[in-house]
Amino acid sequence: MTSLALKKDARLDLKTTQQNKELLAHAALLRGVDMTSFIIEPALKAARQVIEQAQLQQSEQVALFKALSKPAKPTEELKDLLSAGTFSER
């Protein structure tokens with residue numbers, strides 16, 4: 001199976017405490033991956049989820065706006081209710 005190697009031409013620097021760095025290094029070692037993979041994979045997964053959720057919210061907002069832009073015609077029941085007067089008049 002041939003895999004395409006992506007050129008890694010962007011650098012991402014993180015500042016943390018020595019204790020956090022050691023914790024990440026230890027966990028990466030136990031997982032059998034390098035620290036970059038250990039850190040970046042969950043971060044990319046979270047980023048994709050945030051973007052997907054934002055896109056869903058945007059499409060929901062568009063759908064709501066469209067629905068509100070075309071109000072439904074009043075039903076006979078609503079017309080009867082509105083023509084019946086105020087509650088105290090009934």
Condition check for Asp13: surrounded by 12 or more Cβ atoms within 10 Å (Cβ to Cβ) and out of contact with any Asp or Glu (no Cβ under 6 Å at 6 or more places or on another chain): no
Tell me which of these Leu78 doesn't satisfy, since it passes every other one: (1) open to solvent by less than 90 Å² (accessible area, probe 1.4 Å); (2) within 17 Å of the chain's Cα centre (by Cα). (2)
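Okay, residues lined up against (1) open to solvent by 90 Å² or more (accessible area, probe 1.4 Å); (2) closer than 30 Å to Asp9 by Cα; (3) modelled with pLDDT under 95:
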site	(1), (2), (3)
Leu24	no, yes, no
Gln58	yes, no, yes
Ala63	no, no, yes
Ser88	yes, no, yes
Out of the stretch 1-22, which residues are modelled with pLDDT of 95 or more, among the polar types (S, T, N, Q) and outside any helix (DSSP H, G or I)? Thr16, Thr17
Among Ile51, Ile39, the single one that is modelled with pLDDT of 90 or more, surrounded by 10 or more Cβ atoms within 10 Å (Cβ to Cβ), closer than 30 Å to Leu14 by Cα and under 17 Å from the mean Cα position of the chain (by Cα) is Ile51
Given (1) assigned to a loop (DSSP other than H, G, I, E, B); (2) surrounded by 11 or more Cβ atoms within 10 Å (Cβ to Cβ); (3) under 27 Å from the mean Cα position of the chain (by Cα), number of the condition Val33 does not satisfy: (3)
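The values are calculated or read from the model by the stated rules, or taken from the named source; none is laboratory data. On a predicted model such as this, the values are computed, not experimentally measured, just so you know. Backbone-built Cβ (ideal geometry, glycine too); neighbour counts: all protein chains shown. Ligands, DNA and RNA are excluded from the accessible area calculation, which covers all protein heavy atoms including side chains. Shrake-Rupley method; radii C 1.70, N 1.55, O 1.52, S 1.80 Å.
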